[in-house]
Amino acid sequence: MKEKILSLMQEITLMFGGTLVDNLDDDTVLLETGMDSMGFAVLVARLEEETGVDPFSMMEEPVYPRTLKEFVGIYEQYATNDQ
């Protein structure tokens, strides 16, 4: 899942004319990746298209991930629970 997310982040950032920060790791703060809020909205929509899962609409209490690890973890948790 992490590789899919990183690949889409790169594609979407380039689509909007930006540059994704090099060397993203688990502790990278999402706001420091080079993506803006529109980019993240597109990322979530694309991930829903590709995985069939929108964890943010499935949560009982909304959680807003701060780091790449938290973001990936949410998708891994809900993709696993959904199948």
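Quick note: the coordinates plus some simple rules give every number you see, no bench work behind them. Because the structure is predicted, anything quoted here is derived from the model rather than measured. All Cβ positions, glycine included, derive from the backbone under ideal geometry; neighbour counts span all protein chains shown.
Applying both filters, DSSP loop and at most 11 other Cβ atoms within 10 Å, to the GluC sites (Glu not before Pro) of the stretch 9-83 gives Glu60. With N counted as the residues of the chain, its alpha-carbon radius of gyration over 2.2 N^0.38 Å works out to 1.03. Under 5 Å from the amide H of Thr67 lie the amide H atoms of Leu30, each residue being 5 or more positions distant or on a separate chain, with H modelled from the backbone and absent for Pro and chain starts. All Cα-Cα distances of the stretch 10-55, cut into 10 Å bins from zero to the largest, leave 27, 50, 23 percent in each bin in turn. For the chain, the Cβ-based charge dipole about the Cα centre amounts to some 120 debye (Lys, Arg positive; Asp, Glu negative; other atoms uncharged). Panel order for Asp26, Asp54, by other beta carbons found within 10 Å of each beta carbon, from fewest to most: Asp26, Asp54. Dividing the helix sum by the residues of the chain, where each DSSP H run of 4 or more adds -39500 (n - 2.57), gives a mean residue ellipticity at 222 nm of -18000 deg cm²/dmol.
With neighbours defined as other Cβ atoms within 10 Å of a residue's Cβ, the residues Asp22, Asp27 order from fewest to most as Asp22, Asp27.
The loop-placed trypsin sites (Lys or Arg not before Pro) in the stretch 3-74, going by DSSP, that have at most 14 neighbouring Cβ atoms within 10 Å of their Cβ come out as Arg66.
Between Glu76 and Glu60, the modelled labels are 2.3 nm apart [label points 7 Å from Cα along Cα→Cβ]. Under the criterion of Cα pairs below 8 Å and six or more residues apart, the relative contact order for the chain equals 34 percent. Look at the dipole of the stretch 2-82 built from charges on Cβ: of Leu43, Met58, Phe16, the Cα furthest out on the positive end belongs to Phe16.
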